[in-house]
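**Student:** This is the structure, below, for whatever I ask next.
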Amino acid sequence: MVIAKLQADELIRITLKEKETLLKEIHHRVKNNMQVISSLISLQAAKATEPETVEMLKESQGRIRSMALIHEKLYRSDSLAEINFGDYVDSMIDELLQIFTLLREHHDHYRCRKRPVRGGHRHPLRAHH
């Protein structure tokens with residue numbers, strides 16, 4: 001009975017190790033694929049001549065980065081079913097600050113449209129398109 005229990009425990013450890021290895025490999029492949037997609041979009045944007053097309057491609061690239069960030073947060077979290085939204089927002093802010101620092105280095109100035117933020121809405125920070 002004790003030997004069977006030890007064998008079962010060892011089988012569980014081996015199976016868990018195999019699953020962890022597989023999960024790491026999948027994470028690595030997803031991460032690489034998202035980077036390839038982002039790079040391809042960047043190359044396409046560099047060749048585009050119409051501002052609307054460039055903007056559309058940059059928005060697509062931002063969406064890919066956002067998905068990659070969520071994927072990374074899920075992979076690094078304790079649970080694959082959920083992420084800490086505060087950590088996700090902090091990471092997005094860090095990335096945005098890096099992007100705007102790069103923009104600031106290449107542009108003398110940039111403008112932001114002023115829009116009032118109304119309170120009392122259920123989702124006051126939701127982006128609208």
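The values are calculated or read from the model by the stated rules, or taken from the named source; none is laboratory data. All of these numbers come straight from a predicted model, not from anything done at the bench. Ideal geometry is used to build each Cβ from the backbone, glycine not excepted, and the neighbour counts take in all protein chains shown.
**Student:** Going by what's in this entry, would residue 40 be described as at pLDDT 90 or above, surrounded by 12 or more Cβ atoms within 10 Å (Cβ to Cβ) and either in contact with a Pro (Cβ under 9 Å, 6 or more places away or on another chain) or farther than 28 Å from residue 90 by Cβ (or both)? Let's see the steps before the verdict.
**Tutor:** On the way: at pLDDT 90 or above: yes; surrounded by 12 or more Cβ atoms within 10 Å (Cβ to Cβ): yes; either in contact with a Pro (Cβ under 9 Å, 6 or more places away or on another chain) or farther than 28 Å from residue 90 by Cβ (or both): yes.
For residue 40, the condition - at pLDDT 90 or above, surrounded by 12 or more Cβ atoms within 10 Å (Cβ to Cβ) and either in contact with a Pro (Cβ under 9 Å, 6 or more places away or on another chain) or farther than 28 Å from residue 90 by Cβ (or both) - is met.
**Student:** Would you say residue 87 is among the acidic types (Asp, Glu), surrounded by fewer than 11 Cβ atoms within 10 Å (Cβ to Cβ) and either modelled with pLDDT of 75 or more or more than 25 Å from residue 29 (Cα to Cα) (or both)? Full working, then the answer.
**Tutor:** On the way: among the acidic types (Asp, Glu): yes; surrounded by fewer than 11 Cβ atoms within 10 Å (Cβ to Cβ): no; either modelled with pLDDT of 75 or more or more than 25 Å from residue 29 (Cα to Cα) (or both): yes.
Taking the combined requirement at face value, the residue does not satisfy it.
**Student:** Here are 53, 15, 21, 49: which of them is of a type in the set (Val, Ile, Thr) and in a loop (DSSP other than H, G, I, E, B)? Quick ask: steps written out before the conclusion?
**Tutor:** Numbers: 53 fails: in a loop (DSSP other than H, G, I, E, B); 15 fails: in a loop (DSSP other than H, G, I, E, B); 21 fails: in a loop (DSSP other than H, G, I, E, B).
Unique residue meeting the criteria: 49.
**Student:** Quick test of your reading of the structure: residue 16 fulfils all but one of (1) within 22 Å of residue 76 (Cα to Cα); (2) exposed (fewer than 10 other Cβ atoms within 10 Å of the Cβ). Name the failing condition by number.
**Tutor:** Among (1) within 22 Å of residue 76 (Cα to Cα); (2) exposed (fewer than 10 other Cβ atoms within 10 Å of the Cβ), residue 16 violates only (2).
**Student:** Looking for something among the charged types (D, E, K, R) and closer than 23 Å to residue 74 by Cα - is there at least one such residue anywhere in segment 27-36? Working first, answer last.
**Tutor:** Initial filter on segment 27-36 (among the charged types (D, E, K, R)): 29, 31.
If we keep only those that are closer than 23 Å to residue 74 by Cα as well, we get 29, 31.
For segment 27-36, residues among the charged types (D, E, K, R) and closer than 23 Å to residue 74 by Cα: present.
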